[in-house]
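**Student:** Structure in structure tokens, see below.
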Amino acid sequence: MESEFVSNGIDYGHALAAVKAGHCIARAGWNGKNMCVFMRPADSMPLTIVPNVKSLPQSIKEQLFARFNGETRYASGEEITVSFSAYLCMLAADGTVVNGWIASQTDALATDWVVLD
């Protein structure tokens, strides 16, 4: 059975609904081959892992630990976690992943969006 989201020539609202459901989307008019937009889901990690995360600047790591006075567990013994919000990413034509992709006005108003999977 074909997914309700697999479609061609849809507007950004429908494409966004598809990406939220876990599909990859793209514009038919994009010049780059194999480009698509996907969603990184919300996630969390134990505060003890934060020092090993390469994508977080040292100053942010220090702020996170300062907020909890250097503790990694609550008084109850439960591990302190850091939450990350969901966000859109683009797989660019050169194979790199662009974190925090935002649709341009042209993208948002286009009706040539396609669902790739």
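**Student:** Keeping to segment 93-104, report how many residues are more than 21 Å from residue 41 (Cβ to Cβ) and within 17 Å of the chain's Cα centre (by Cα).
**Tutor:** Result for segment 93-104: 2.
**Student:** For residue 45, all conditions in the list (1) out of contact with any Ser or Thr (no Cβ under 7 Å at 6 or more places or on another chain); (2) surrounded by 12 or more Cβ atoms within 10 Å (Cβ to Cβ) hold save one; what is the number of the exception?
**Tutor:** For residue 45, the exception is condition (1).
**Student:** Moving on. Looking at the structure I just gave you, is residue 81 surrounded by 13 or more Cβ atoms within 10 Å (Cβ to Cβ), more than 22 Å from residue 33 (Cα to Cα) and modelled with pLDDT of 95 or more?
**Tutor:** yes
**Student:** Of 43, 107, which residue is closer than 30 Å to residue 11 by Cβ and more than 17 Å from the chain's Cα centre (by Cα)?
**Tutor:** Result of the check over 43, 107: 107.
**Student:** Can you confirm whether segment 14-36 contains a residue that is more than 21 Å from the chain's Cα centre (by Cα) and among the β-branched types (Val, Ile, Thr)?
**Tutor:** no
**Student:** Among (1) under 19 Å from the mean Cα position of the chain (by Cα); (2) under 30 Å from residue 104 (Cα atoms), which single condition is residue 50 missing?
**Tutor:** So residue 50 meets the others, but not (2).
The values are calculated or read from the model by the stated rules, or taken from the named source; none is laboratory data. Note that the structure is predicted; figures quoted are calculated from it, not measured. All Cβ positions, even for glycine, are placed from backbone atoms using ideal geometry, and neighbour counts span all protein chains on display.
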